[in-house]
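S.K.: One structure, as structure tokens, below. Some questions next.
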Amino acid sequence: MEPALASRMSGFETPATIAMSMRARVLKAEGKNVISLALGQPDFLTPKIAIEGGYQAALEGKTKYPPIDGFLSLKKAIQKKFKEENGVDYALDEIMVANGVKQILFNALMATLDPEDEVIIPAPYWTSYPIMVRFLGGNPVHVVCPEKDNFVLKARQLKAAITPKTKWLILNSPSNPTGAVWTKEDLLALVEVLRINPQIWIFSDEIYEHLIFDGQRHHSLAALAPELKDRILTVNGVSKTFAMPGWRIGYAGGVKRLIRAMLKIQSNSTSGACSVSQAAATAALQYAQKEVESMKLAYDRRRKKMTAAFSAMNGISCNIPQGAFYIYPGIAGCIGKKTAQGRLIANDQDFAEALLEETYVAVVPGSAFGLSPYLRIAYAADDVVLEEACQRISQFVQELS
Ligand code: PMP
């Protein structure tokens, strides 16, 4: 007999994003010229000013346990950011810092979910949402938002998905994986439904807020609907905006009783976020706006190149995303065909696997995000690398028969 794992571990699979990256790493180790566009992480270096902020803090001895909710200096920078960029006022005790948005999500769900509680998640979704809901005993309720609706959740869909067990609605604009941006009108329509369903918390994941193009504007839900502010958790982090995913800093603004409960969990699990990283994040929020602008310009240039390249491929349709750093092209025209090496493409998983094995380009199938047949392609990579990837994919598609 072996010591057992918890029963909650059954049914947990490695997310497809990680699985594809792992397979890509194996091929790379075998000496193959692999291009991975599977992971959603910026290719840029962390702005120097942020690194210096962390370095100085470490030299000054800020290496003791941090306050559970975050250093006051960082919380003040976040408070200012929420007010000036998002138009939302949070008191300092309504703000907390954690090890990335992932830990904010974990804390929030753990603090609120009872068994069988439902969490409405518009699909396509970031894979961690449903996994974490299930992990904590809740039931994810996926609502498919088709391409014809710009992958955006409509009020009638939200209304139809709500039950007495609904505990949360998770919103993510701009979206991973589609790059979709909810307009002010889209959000206000949802607010109408949420207003008459006072039992629902709203998790507003705004981590891609600065990666927004074509003159679109990001709207924070809490600013649009002040009357719902006490039910909205406004969530953000430095991973994407400041190219700082490894520093692990995320933060949230929300009603005191929810923040307090989340902090109780945090104090007993991680004791808060890395002190050096907090100093780096403080410097980034205060001084790295110029770097954000220049990264945004590069992402926009790449987005245009990628959508143009994919739109020109036979059997692929490429909508133009207005945010984040992903494209989500449809591959319905490739289904049922065979690759040059004789692999049958019965679905998007087959497509992604064959693409990796035959051309050494890693992307993630839409099935991982709850809407097929699509691919999620992260264009957070150098222009030259992206061009090479597009060439290989284009040839792969051309050779399908
Ligand atoms: N939210 C979304 C929508 C994401 O795409 C990601 C990263 N893939 C995260 C949160 C994770 O953020 P963090 O690095 O702050 O944990």
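S.K.: Sketch the reach of a paramagnetic label on D214 as a point 7 Å from Cα along Cα-to-Cβ, and name the residues of the stretch 144-158 whose backbone nitrogen lies under 14 Å away.
M.R.: Those under the cut-off are 147-152.
S.K.: Shape verdict for the stretch 277-317, please, from the Cα gyration tensor: rounded (a/c under 1.5), prolate (a/b greater than b/c) or oblate.
M.R.: prolate
S.K.: Among V292, V152, V97, determine the one that fluctuates most according to a GNM of the chain built with springs between C-alpha atoms less than 10 Å apart.
M.R.: V292
S.K.: Taking 0.36 nm per intervening residue step and subtracting the Cα-Cα distance, what contour gain separates S10 from V255 on full extension?
M.R.: Net length gain for the segment: 84.8 nm.
S.K.: A further question follows. Between the stretch 244-261 and the stretch 273-329, what's the alpha-carbon centroid distance in Å?
M.R.: 22
S.K.: Helix 72-81 versus the longest principal axis of the chain: what angle, 0 to 90°, nearest 10, using Cα atoms?
M.R.: It is inclined by approximately 60 degrees.
S.K.: Right, here's the next one. I need the calculated FRET efficiency for the pair A312 and E2, taking r as the beta carbon distance and R₀ as 51 Å, to the nearest 0.05.
M.R.: Efficiency for this residue pair is about 0.40.
S.K.: Based on the Cβ-Cβ distance from T163 to E227, what FRET efficiency comes out when R0 is 22 Å, to the nearest 0.05? Show your work: numbers first, answer last.
M.R.: On the way: r = 23 Å, r/R0 = 1.04.
The pair T163/E227 has a calculated efficiency of 0.45.
S.K.: While we're on this one: Under a plain spin-label model, where a point goes 7 Å from the Cα along Cα-to-Cβ, how far apart in nm are K64 and D149?
M.R.: 5.2
S.K.: Another question about this same structure. Which of rounded, prolate or oblate describes the stretch 104-199 when judged by the alpha-carbon gyration tensor and an a/c cut-off of 1.5?
M.R.: oblate
S.K.: For labels at K184 and K76 in the simple 7 Å Cα→Cβ model, what's the distance in nm?
M.R.: 3.3
S.K.: Identify the residues of the stretch 33-57 with backbone N under 16 Å of a label point that sits 7 angstrom from the Cα of R301 along the Cα-to-Cβ direction, or state none.
M.R.: Under 16 Å, as judged by backbone N against the label point of R301, lie 43-45 of the stretch 33-57.
S.K.: Each label point is 7 Å from the Cα along the Cα-to-Cβ direction; what then is the distance between the points at S271 and E84, in nm?
M.R.: 3.3
S.K.: Sort out for me the Cα centre separation of the stretch 96-136 from the stretch 334-366, rounded to whole Å.
M.R.: Distance between centres, Cα-based: 31 Å.
S.K.: Another question, then. In degrees between 0 and 90, to the nearest 10, how far off the longest principal axis of the chain does helix 100-112 point, with axes built from Cα atoms?
M.R.: Its long axis makes an angle of about 60 degrees.
S.K.: Of all DSSP beta bridges located in the chain, what percent are antiparallel, nearest 5?
M.R.: Roughly 45 percent of the DSSP beta bridges within the chain come out antiparallel.
S.K.: Let me ask another. Can you give the helix-only mean residue ellipticity at 222 nm for the chain, where every DSSP H stretch with n ≥ 4 adds -39500 (n - 2.57) and the sum goes over all residues, rounded to the nearest 500 deg cm²/dmol?
M.R.: Roughly -12500 deg cm²/dmol at 222 nm, from the helical runs in the chain.
S.K.: With a ≥ b ≥ c taken as the square roots of the eigenvalues of the C-alpha gyration tensor of the stretch 125-173, please select rounded if a/c is under 1.5 and otherwise prolate if a/b is larger than b/c or oblate if it is not?
M.R.: Because a/c hits 1.5 or more and a/b fails to exceed b/c, the stretch 125-173 counts as oblate.
S.K.: Continuing with the same structure: Using every Cα-Cα pair within the stretch 212-321, state what percent have a distance larger than 25 Å.
M.R.: Result for the distance tail: 45 percent.
Taken together, the values in this text are just the output of simple stated rules run on the coordinates, not laboratory data. From a predicted model like this one, the values you see are computed outputs, not experimental measurements. No Cβ is skipped: glycine too gets one built from the backbone with ideal geometry, and neighbour counts run over all protein chains shown.
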